[in-house]
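Please treat every number below as a calculation from the coordinates, not as lab data. The shown structure was predicted, so the numbers you read here are calculated from the model rather than taken from an experiment. Here the Cβ is made from the backbone with ideal geometry for all residues, glycine too, and neighbour counts use every protein chain on show.
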Amino acid sequence: MIRLEGVGKHYPGAARPAVDGIDLLIEEGRTCALIGPSGCGKTTTLRMVNRLIEPSSGRIVVAGRDVTAADPVKLRRGIGYVIQGTGLFPHLSVAGNVATVPRLLGWDRARIAARVDAMLGLVGLDPALFRDRRPASLSGGQRQRVGVARALAADPPVLLMDEPFAAVDPLERGRLQREITEILRRLRKTVILVTHDLDEAIRMGDTVAVMRDGRLVQHDRPDQVLAAPADAFVAEFLGSDRALRRLTLLTAAAACRSGERPPEGAPEVPAEASLQVALSILLGSGAEALAVVDGGPRPVGTLSLAAIRALAAGLPDPSGAVARSPPLV
Amino acid sequence: MLDLVAWLRAHPDLLLRTGGEHALLSGLSLLIAAGIGLPLGIALTRQPRLAGPVVALVNTLRTIPSLALLVIMLPLLGTGTAPSVVALVLYGLPAVLLNTMAGLGGVPSDIVDAARGQGLAPAQVLARVELPLAAPVILAGLRSAAVQIVAAATLAVFIGGGGFGELISAGMGLLDTPQLVAGALAVAAMAGAAELGFGWAERMATRRLGPTAP
Amino acid sequence: MVWAIENGDVLLEATLQHLALVGQALAISLAIALPLGILAARRPRLHGVVMALAGALYTVPALALFALLVPLMGLGQGPALVAIVSYSLLVLTRNVAVALREVPADILDAADGMGFSRGRRLLRVELPLAAPVILAGIRLTAVLQISVATVAAFIGAGGLGDLIFQGITQDHGDKVVAGAVAASLLAVAADESLRRLETRLRLATGLAG
Ligand SMILES: Nc1ncnc2c1ncn2[C@@H]1O[C@H](COP(=O)(O)OP(=O)(O)O)[C@@H](O)[C@H]1O
Ligand SMILES: [Mg+2]
């Protein structure tokens with residue numbers, strides 16, 4: 001769990017605070033995507049959590065402990081940290097990089113070696129092939145995987161990520177976002193992910209926190225933020241295609257009227273496909289409804305254009321499709 | 001040529017003594033220059049406000065002619081080994097100091113940030129990340145300092161510091177060409193050896209950093 | 001100090017002699033290094049040779065080089081001039097070649113695209129853009145030559161080094177210091193004035209920064 005209470009940062013000499021009294025609660029095991037225009041204070045907020053930047057005001061509690069009272073160096077060994085350029089140490093091998101924090105913590109050699117291999121395997125890099133390579137010989141995506149492995153090596157409960165995939169090519173980025181999200185969920189890490197990429201925020205965040213000029217303007221589940229932007233600024237930041245984006249969060253299975261027989265000759269859509277895919281099939285075929293299939297002998301149900309329209313408009317959801325996570329505090 | 005060989009055969013102990021003096025003078029001066037330049041360079045990268053004036057001062061020091069630097073303190077310090085070492089330290093210091101600062105300044109800030117973020121204490125960041133990454137540039141500074149000191153140490157003979165300069169000076173005074181040439185070649189060889197030795201260390205340090213910088 | 005005041009004319013004459021020596025050496029070096037550097041910038045093989053030789057020669061102590069030239073050329077101002085030039089020539093050539101090679105390729109491409117002939121491109125584009133870096137090379141060379149000219153007094157060049165050597169043999173500390181301080185001031189002044197010129201040139205070519 002990470003809790004920020006009235007946290008602010010006023011850089012010496014700056015006209016106004018870079019971060020201005022932020023309250024934010026991230027539940028244990030959840031990922032919060034911190035998003036907003038460049039210069040709005042995302043990085044500053046993130047770096048106050050591991051005290052690479054000293055807050056000017058407020059309190060930050062990580063895993064029950066007040067961060068501002070801790071020894072910053074020891075504190076950081078218990079908080080994973082991943083940054084855009086990865087900041088891998090070029091003079092150390094991949095294994096040496098991943099072993100950084102375990103070595104600082106004084107683990108014995110055998111335990112470190114085992115841990116390095118486990119971490120590399122976790123992020124999808126074959127230890128036998130990658131252990132002894134140098135960062136310079138890796139692709140951007142591979143480097144970022146090593147960066148994540150290094151951050152997770154000592155099993156910190158909390159992870160801070162600052163635009164981790166911004167420098168990776170789009171194809172690899174999508175793959176990384178899916179895989180890393182899956183890993184973080186499985187390990188139940190509490191994560192703050194800074195990004196300026198809305199798709200990344202929606203894809204990876206259990207919640208999305210939107211910042212503007214050092215203030216937090218909205219913090220909610222992605223679908224809620226997309227359905228009901230807090231103000232005109234958030235609405236504009238999300239873009240006029242936010243209704244379409246929201247459809248990527250919902251599956252055909254969750255939105256269909258189950259048990260209802262589809263009309264004769266209705267095109268099929270897989271149950272796990274997103275509503276955006278379903279809509280695309282509907283528009284492409286000119287049909288009014290789709291047969292939702294899951295590989296069984298009969299369709300699971302029917303998905304109508306009207307149902308999608310109702311969801312996209314943020315109307316009360318008849319099927320309860322949007323119920324991924326409990327309400328926020 | 002034959003004269004040279006004959007002279008070398010006739011004076012092995014002279015060559016050995018002046019060579020020993022030259023090596024001692026240069027080695028000691030380099031050691032002290034490094035002992036001052038390295039920590040001072042590290043301290044100045046942490047105190048950017050002091051760095052400006054010190055760099056300006058050191059740049060001025062660097063333009064002072066080597067012979068002038070050696071003799072300028074003559075009335076103050078007199079002659080002999082000690083004043084020679086003082087002058088040679090001042091002569092080698094700029095290269096060590098400026099390259100230490102340039103090397104540390106050239107370490108990418110995101111790597112330092114990542115190191116701090118992983119929980120390395122300031123001294124650990126310096127020892128495990130910054131110094132290894134700055135090593136090639138720092139070694140290049142030590143290489144120039146070594147070559148410059150060995151060269152300038154030739155002039156130490158004029159303030160009684162001994163070294164190979166003695167052969168050149170005596171050769172000139174006695175119109176003894178073989179001795180003159182022997183002294184000149186000996187200094188050139190020692191300077192070349194310093195260049196090659198530190199050049200090798202520099203390449204080793206660079207290789208440790210991997211094929212290309214990321 | 002006392003000596004310098006009482007012998008102002010001697011000090012002035014030595015300084016002028018020193019300046020004349022370095023001025024001649026610099027002029028000769030430039031006359032050779034500019035064309036050679038331009039050529040080396042175009043010919044990779046020659047460039048490699050110049051770089052290697054300049055690097056090797058730089059490690060040879062000035063006094064050693066001068067001593068080696070004595071058996072060949074004897075003593076006096078002429079040999080001293082040759083010695084100073086040969087000591088600094090390759091360093092200057094290397095700087096000229098490096099300066100020209102640093103001119104961005106896309107600018108040269110644009111010039112070619114607009115139909116510049118090779119000679120015109122050199123005069124109108126390459127040399128003006130390389131000028132600040134070439135001037136930096138000239139500054140380093142001038143400072144180096146002021147320094148080695150002091151040592152060249154050992155082989156009869158005269159100048160401020162002469163005061164130093166005379167002072168040493170006559171055990172006249174004031175005279176030594178006067179020569180050393182004057183040589184130092186000369187070097188610092190040359191460095192500073194050429195540095196200012198360099199900044200002005202950088203601003204003029206739009207390469208400030
Ligand atoms: N070290 C610093 N000193 C002074 N101002 C800073 C510093 N770091 C960031 N800022 C300023 O604080 C504001 C927020 O910066 P940052 O947190 O990096 O924004 P973001 O990550 O959202 O782009 C910006 O106006 C930036 O210029
Ligand atoms: Mg940022």
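Below, the figures for the structure above:
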quantity	calculated
Compactness of region A:250-312 as Cα Rg over 2.2 N^0.38 Å, two decimals	0.94
Cα-based Kirkwood hydrodynamic radius, region C:2-205, one decimal, Å	18.4
Residue-averaged beta-carbon neighbours from other chains (10 angstrom radius) around C:67-75	5
Neighbour-count ranking [beta-carbon atoms within 10 angstrom, fewest first] of B:Leu139, B:Leu167	B:Leu139, B:Leu167
Under the Karplus curve 6.51 cos²θ - 1.76 cosθ + 1.60, θ = phi - 60°, whole-Hz ³J(HN,Hα) for region B:139-147, x wherever Gly or Pro sits	5, 4, x, 5, 4, 4, 4, 4, 5
Estimated 222 nm signal from helices in chain B, with DSSP H stretches of n ≥ 4 weighted -39500 (n - 2.57), rounded to 500	-26500 deg cm²/dmol
Taking A:Arg150, A:Arg16, A:Arg115 and counting other C-beta atoms within 10 Å, the order from fewest to most	A:Arg16, A:Arg115, A:Arg150
B:Val55, A:Val101 arranged by Cβ crowding within 10 Å, fewest neighbours leading	B:Val55, A:Val101
Chain A: angle of helix A:140-152 to the longest principal axis, Cα-based, in degrees nearest 10	70
Spin-label pair B:Leu16/A:Ala70, simplified geometry with 7 Å Cα→Cβ offset, distance in nm	6.6
Two-site label geometry, C:Glu13 and A:Met1: point separation in nm, points 7 Å out along Cα→Cβ	9.3
Point-charge dipole on Cβ atoms (K/R +1, D/E -1) for chain C, about Cα centre, debye to 20	1060
Within region C:3-102: Cβ-based charge dipole about Cα centre, in debye rounded to nearest 20 (Lys, Arg +1; Asp, Glu -1)	800
Rounded Å value of the spacing that divides the Cα centres of region A:13-70 and region A:81-119	26
Cα centre as origin, Lys/Arg/Asp/Glu Cβ charges: region B:112-212 dipole, Debye	460
Relative contact order %, chain C, counting alpha carbon pairs below 8 Å whose residues are six or more apart	29
5 Å binning of all Cα-Cα separations within region A:1-126, expressed as whole percents from 0 upward	2, 9, 16, 19, 17, 15, 11, 7, 3, 1, 0
Mean projected area (nm²) of the alpha-carbon convex hull when the protein assembly as shown is viewed from all directions	44.9
Cα-based equivalent ellipsoid of chain A: semi-axis lengths in Å, sorted from largest, via gyration tensor	38, 26, 16
Under 5 Å, built H, 5+ apart or other chain: amide partners of A:Glu260	A:Thr302
For region C:1-15 versus region C:110-149, the gap between their alpha-carbon centres in whole angstrom	39
Nearest-0.05 FRET efficiency for C:Ala20 and C:Leu203, computed from C-beta distance (R0 25 Å)	0.20
Region B:20-209: Rg to Rh, with Rh as the Kirkwood radius over Cα pairs	1.07
Extended-chain gain in nm, criterion 0.36 nm per residue less alpha-carbon gap, A:Ala136 and A:Ala14	40.2 nm
Of B:Ala134, C:Gly74, B:Val96, farthest towards positive along the dipole that unit charges on Lys, Arg, Asp, Glu beta carbons give the protein assembly as shown	B:Ala134
Under 5 Å, built H, 5+ apart or other chain: amide partners of A:Asp162	A:Val82, A:Ile83, A:Gln84, A:Val194
Kirkwood-based shape ratio for region C:27-72, expressed as Rg/Rh from alpha carbons	1.08
At R0 = 56 Å, FRET efficiency that the Cβ-Cβ distance of B:Arg207 and C:Glu6 yields, to 0.05	0.40
Whole-Å semi-axes of the ellipsoid equivalent to region A:75-193 (Cα gyration tensor, √5λ, descending)	20, 17, 13
